[in-house]
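Please read the structure below before turning to the comments.
Every read-out reported here was derived from the displayed coordinates using simple, explicitly stated rules and does not represent laboratory data. Owing to the predicted nature of the structure, the values given are computational and were not obtained by experimental measurement. Neighbour counts are summed over all protein chains in view; Cβ atoms, including those assigned to glycine, are modelled from backbone coordinates with ideal geometry.
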Amino acid sequence: MPPSNLPPNSSPSAGFDLNHPTIISLLYLGGFVTGISGFAGLVLAFVWKGEAHDGWEDSHYQYLINTFWIGLAGSIIGFILTIVLIGIFILMAVAAWVIVRSVLSLINAQKRIPMPNPGSWTI
């Protein structure tokens, strides 16, 4: 019998749980290397959000979709402002923000717990 502190429909495991929010988070992080996998993560987030899933995943989909769009907007602003050199710092801050949010979602997805305040722009 699973311990009572685990969410319903989950079981303790020693391995890495490759659930949908985890895959999206990994694609976002991979986007820093490939440049394109973040878009694949966004598409999957919208597709999987419309399918049947566990309740804890809802907050992850909203959190990750917001992360993509806010990160994209911040990147565009940073790129435009590179003309006056402040854009470089904005791009670094946006990259750090996206990385932190993706890792937080990854950690909570492994625990199968919802994201606190998924509509927030903050970390």
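Worth a mention:
- Dipole moment magnitude, nearest 20 debye, the stretch 38-123 about Cα centre, only Lys, Arg, Asp, Glu C-beta charged: 180
- For the chain, built as a Gaussian network whose Cα springs stay under 10 Å, the top-fluctuating residue of L85, L18, L26: L85
- Helix 86-111 and the long axis of the chain differ in direction by around 0°, with both axes built from C-alpha atoms.
- Most mobile of A45, A95, A109 in a GNM of the chain (Cα contacts under 10 Å): A95
- Dividing the mean sequence gap of close Cα pairs (under 8 Å, 6+ apart) by how many residues the chain holds gives a relative contact order of 31 percent.
- The Rg/Rh ratio of the chain, with Rg taken over Cα atoms and Rh as the Kirkwood radius over Cα pairs, comes to 1.04.
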